[in-house]
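Take a look at the structure below.
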Amino acid sequence: KSYYTQAVILLQDEKQASGEMAGLAEMANLAGRTSSSAAYVNDQTLILRSRRILRKVVDANELHVSYFLKGKIRETELLKSNSPIRLLIQEPAHSRLDSLVYEINVSKSQDGYKIWDELGEKRDYTIGQKISSPIGPISLLSTGLFPEWTGEIRIQVLPKDFAVNILQGMVSIESNSKEQSFSIRMSTETTSPAKGEMILNSLIDHYDKDRSYDKETIFRNTSTFINSRLELINRDLRAADSRIAK
């Protein structure tokens with residue numbers, strides 16, 4: 001079962017910008033860097049689809065680690081924020097994290113916890129205890145959520161590049177190229193509405209932060225350029241005043 005989630009963002013028309021942004025747009029026009037509205041919207045669509053932005057979404061939400069609660073008929077995916085068990089990777093820079101898919105199972109009963117993976121049999125486990133695994137040392141922590149839970153949880157760890165590939169396939173981003181529209185529509189199909197909402201909100205948040213950083217960089221560079229030119233102009237004016245005085 002999958003759920004369809006959609007979001008729409010409205011881009012600011014740089015040609016209609018006010019204040020400092022209007023000044024920057026005029027400077028870009030004087031420099032010969034004009035572009036059509038359709039090209040601008042298309043560029044922003046490509047940025048939203050970029051692996052750089054999607055990687056930030058994966059990192060921020062740990063989408064390379066998935067949790068599945070086993071039921072009598074099927075598994076249910078749990079968000080990290082809703083899972084009673086959380087995986088802690090103790091060496092995030094371990095080399096095998098970039099190349100291996102690893103799965104570990106944990107069960108809880110009145111007698112305590114048991115864990116197992118494809119390399120070994122079920123064994124008793126104490127929450128927080130260090131585990132040696134192919135992706136380096138890990139441990140399982142209790143989040144305190146649903147303290148009465150019982151059953152089995154399967155935890156899957158993917159290489160982050162693989163997780164980005166999956167996210168690219170899950171998220172659809174498109175603009176209305178036939179009309180002079182500054183809106184971009186994003187959608188995704190996920191196993192739960194909460195996951196789809198989390199992914200799209202995170203994508204919008206990181207895109208917005210990326211644009212804010214770019215604008216701040218433009219402001220700084222433009223300010224530095226203008227100040228340097230003003231200094232040269234002042235120097236020339238002082239020299240001219242000196243010659244006139246003489």
Selection within the stretch 75-112 - hydroxyl-bearing (Ser, Thr, Tyr) and either outside any loop (DSSP other than H, G, I, E, B) or in contact with a Lys or Arg (Cβ under 8 Å, 6 or more places away or on another chain) (or both): 76, 81, 95, 102, 107, 109
Enumeration of residues in the stretch 104-129 that are among the aliphatic types (A, V, I, L, M) and either open to solvent by 40 Å² or more (accessible area, probe 1.4 Å) or more than 17 Å from residue 76 (Cβ to Cβ) (or both): 104, 115, 119, 127
Residue ID - nearest to residue 64 (Cα to Cα), chosen from residues in the stretch 154-185 that are in a strand (DSSP E or B) and either small (Gly, Ala, Ser) or under 14 Å from the mean Cα position of the chain (by Cα) (or both): 171
Unique match (being at pLDDT 90 or above, of a type in the set (Ser, Thr, Tyr), over 28 Å from residue 73 (Cα atoms) and open to solvent by 90 Å² or more (accessible area, probe 1.4 Å)) among 177, 139, 172, 132: 132
Single condition residue 85 does not satisfy, out of (1) among the aliphatic types (A, V, I, L, M); (2) under 24 Å from residue 194 (Cβ atoms); (3) within 21 Å of the chain's Cα centre (by Cα): (3)
Those residues of the stretch 113-130 which are assigned to a strand (DSSP E or B) and either charged (D, E, K, R) or under 29 Å from the mean Cα position of the chain (by Cα) (or both), in sequence order: 114, 117, 123, 124, 130
Residue that is most open to solvent (accessible area, probe 1.4 Å), among those in the stretch 180-209 that are under 18 Å from residue 80 (Cβ atoms) and of a type in the set (Val, Ile, Thr): 191
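The values are calculated or read from the model by the stated rules, or taken from the named source; none is laboratory data. Because the structure is predicted, anything quoted here is derived from the model rather than measured. Glycine gets a Cβ as well: all are built from the backbone with ideal geometry, and neighbour counts include every protein chain shown. All accessible areas refer to the heavy atoms of the entire protein, side chains included, with ligands and DNA or RNA removed. Shrake-Rupley method; radii C 1.70, N 1.55, O 1.52, S 1.80 Å.
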